[in-house]
Structure formats: C-alpha cells, structure tokens
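Read the structure below first, then the notes.
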Amino acid sequence: MNVKTAHKTIGYLATGGTISSTPASAGAGVTPSLTAEDLIAAAHPETDGVAFVAEQISQLASSSFDFRLLRTLHGRVTHLAREGVDGIVITQGTDTLEETAFFFNSVWDRTTPVVLTGAMRNPGEIGADGARNLRTAVAVASDPAFVGLGPLVVMNDEVFAAGAVRKAHTSAVDAFVSTAGTAIGMVTEGTPRLFSTPRRSDPQRYGAGDPKVALYRCSLGDSDDILRMIEDGDFDGLVIEGFGGGHVPAWQMPTIERIAGRMPVVLSSRTGQGSVLERTYGFPGSETDLRRHGLVPSGTLNGLQARILLWILLSRSAGPQEIREAYAAC
C-alpha cells in the first residue's frame with residue numbers, strides 16, 4: 001500500500017517467536033521462519049487503511065534475547081518515531097515478552113504508541129492466534145486514544161500496560177495477565193476500547209555499559225551455595241526474590257551481607273505480585289533485617305522487572321542513592 005494514501009502508517013519490527021514459527025521438515029518442531037511481510041499478509045490489516053514500514057530485526061526464539069537486542073529494538077523504535085509513524089508494533093516470542101515490555105516501559109520517553117504482541121499457538125495449529133494478535137495490536141497502535149499511555153502489550157484481544165503484565169501459563173491463549181489486577185483495554189470487533197490509564201514511573205536512561213545482574217530465588221531449605229557463587233563471580237548487581245513479603249533463610253544472611261557490601265542488591269518477592277514489605281517483621285532474614293544491611297526494596301516490581309531496572313541503572317553507573325530513588329518510585 002502506498003504510504004501517502006494510507007490513513008495510518010505503522011512501523012513494524014519482527015523478531016521471530018511462535019508467531020513466525022513453522023516446521024523445518026516433516027515431524028520436526030517449529031522454529032522461527034516467517035518474515036515480517038509474511039505476517040502482515042496473514043493478518044490482512046491493509047483492509048483497515050494501514051501502511052507499514054516493516055523491518056526484520058531478528059529471527060529468534062525470545063529465550064535467546066539479550067540486552068544487545070533490546071538496545072537494537074529501542075534504537076529502531078526511536079528512529080521510526082522520529083520519522084513520524086503513527087504507532088509501532090513489535091512481534092516476538094512470548095517467553096520473554098514481559099521482560100521486553102518492562103524494558104520499553106522503563107525507557108520509552110515519547111508519546112508514540114509502542115505495542116508488543118506475539119502468539120501462543122504457531123501458524124500451523126488449529127486456533128492459531130498470531131494473525132489476530134497482530135491485527136489487534138495494529139488497531140491499538142493506530143488508535144489516538146492510546147497515544148501517550150506508554151508501551152502496551154496486546155494479547156488475546158486484551159490490552160495491558162507494559163509495566164504490569166506477566167505470562168502466567170505455558171500454553172493457553174489467555175496466558176498473559178495484569179499484575180495490576182486487570183487489563184486497561186479490550187479490542188472488540190476490531191475496535192480498541194480504553195478502560196483506564198496506566199500509572200508509569202518517569203522514564204529511565206540507559207548507558208553504554210552492559211552489567212551482569214544475577215537473579216536468585218529463595219526456596220525452602222536451600223543452602224547459600226548459589227549465593228556464594230554469585231559472590232565469587234564477576235556480577236555487578238543482584239536481585240533476590242525472597243519469600244512472602246521479602247524474607248530469606250536466616251543462615252543465608254552472612255553471605256548476603258558480604259554481597260551487599262560490594263554490589264547493589266535489590267529485594268523482591270517470589271510471589272510475583274504485591275509490594276515488598278519494609279518494616280513489618282524483625283526476625284533474622286526479614287525485610288527489616290535485609291534493609292538494615294543495605295538491600296533495596298523493589299516496591300511493586302517482581303524479580304524479572306527489578307532485574308531489568310537494575311541493569312538499566314547500572315549500565316549508566318548509577319550510584320546507591322539514585323538506585324534507591326528509582327525503586328522507591330515503583
């Protein structure tokens with residue numbers, strides 16, 4: 001379609017994932033292979049008066065994403081916004097979609113809508129959802145009601161704030177849920193409807209560094225062996241997913257104290273939802289004890305989100321006070 005005659009122009013960045021996966025040979029598992037152009041053709045969004053500026057960024061399962069690819073995506077999205085597109089859609093695998101979404105929610109400082117989507121069923125399956133998800137994502141990215149709301153995730157006709165979404169099922173088409181309790185919108189008969197405006201913290205700036213940030217999850221009866229490996233490794237930061245409101249086994253405290261003496265350590269909860277406590281419990285290994293030894297509460301951020309934010313902060317060599325202020329705003 002000619003861009004000059006289209007009602008809307010959408011930038012489209014394809015990266016691979018289930019939405020683009022087909023079998024390489026009979027009986028083989030599916031792998032990313034369909035291109036951006038293939039996916040556009042399958043979704044038929046041109047009937048909605050949309051023109052595309054499409055680019056194939058990668059052809060990967062999102063389990064192989066890294067921060068280098070996120071930088072590339074951010075650079076291309078920024079370029080498209082500067083070129084004046086009405087909205088931008090990114091398709092990727094759902095394995096790490098919530099992490100990509102949170103990264104963009106943390107760094108995107110423009111009003112142009114950025115909408116992420118993917119698929120839970122590959123194109124060869126009965127009930128494949130990729131083409132529909134792409135078409136609804138384009139509808140949201142094209143709608144003026146979603147301008148200035150920050151990055152969004154569209155899956156299964158639901159619209160989620162990118163800073164409050166997680167994958168909660170391995171294979172169901174409604175695998176994505178909101179950590180804030182509900183979606184902010186819905187697409188019905190091709191028409192997006194906005195229910196509420198998401199809350200966002202101020203966008204962050206990432207730097208040239210590529211810090212190594214570990215994520216450790218507490219579990220009943222675990223030793224401190226993994227923590228000592230992190231202590232002895234070349235990590236620049238650590239996020240701990242504690243029990244409940246933010247607790248660790250008492251016997252891990254000496255190792256955690258030593259780690260916190262040489263790198264930033266952020267305390268999150270393995271529950272994945274709710275704010276980390278700060279001053280309720282006082283036993284050894286409690287949130288009060290951990291804060292006393294320098295750990296930074298993650299606020300409402302789960303462990304995956306807290307790790308993304310710590311990477312962003314450390315990539316620009318943020319100091320202890322700046323790190324604390326960033327999490328206090330979450």
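Miscellaneous remarks
- Residues listed by number, the stretch 127-142, amide nitrogen under 13 Å from residue 48 label point at 7 Å toward C-beta: 131-142
- Dipole magnitude of the stretch 165-210, debye to nearest 20 (Cβ charges: Lys/Arg +1, Asp/Glu -1, about Cα centre): 140
- Given their separation in residues at 0.36 nm each and the Cα-Cα distance between them, residue 205 and residue 63 gain 48.7 nm when the chain is fully extended.
- Relative intensity of the stretch 282-330 on a log10 scale, I(q)/I(0) at q = 0.25, 0.31 Å⁻¹, equals -0.97, -1.17, per a Debye sum over C-alpha point scatterers of equal strength in the absence of solvent.
- Solvent exposure ordering (accessible area, 1.4 Å, most first) of 217, 71, 279: 279, 217, 71
- Taking Cα atoms only, the orientation of helix 67-83 departs from the longest principal axis of the chain by about 50 degrees.
- Rough spin-label spacing in nm, given labels placed 7 Å along Cα→Cβ, for residue 292 and residue 328: 2.1
- Considering only 69, 290, 220, the Gaussian network model of the chain with Cα springs below 10 Å gives its largest mean-square fluctuation to 220.
- Inter-site label distance for residue 195 and residue 76 at 7 Å from Cα along Cβ, in nm: 3.2
- Length gained on full extension, residue 223 to residue 169, computed as 0.36 nm times the residue gap minus the Cα-Cα distance: 16.5 nm.
- Ordering 52, 283 by accessible surface, largest first, gives 283, 52; the 1.4 Å probe counts only protein heavy atoms, with every chain in place.
- Potential lengthening of the chain between residue 147 and residue 283 amounts to 44.2 nm, from the contour at 0.36 nm per residue minus the alpha-carbon distance.
- When nucleic acids and ligands are ignored and a 1.4 Å probe is applied, residue 276 ends up with an accessible area of around 10 Å².
- Dipole magnitude for the chain: about 540 debye, using +1 per Lys or Arg Cβ and -1 per Asp or Glu Cβ, origin at the Cα centre.
The values are calculated or read from the model by the stated rules, or taken from the named source; none is laboratory data. Everything quoted here is computed from the prediction, not taken from an experiment. Glycine also receives a Cβ, built like all others from the backbone with ideal geometry; neighbour counts cover every protein chain displayed. Just so you know, the surface numbers come from the protein's heavy atoms only, side chains and all, with ligands and any DNA or RNA stripped out. Shrake-Rupley method; radii C 1.70, N 1.55, O 1.52, S 1.80 Å.
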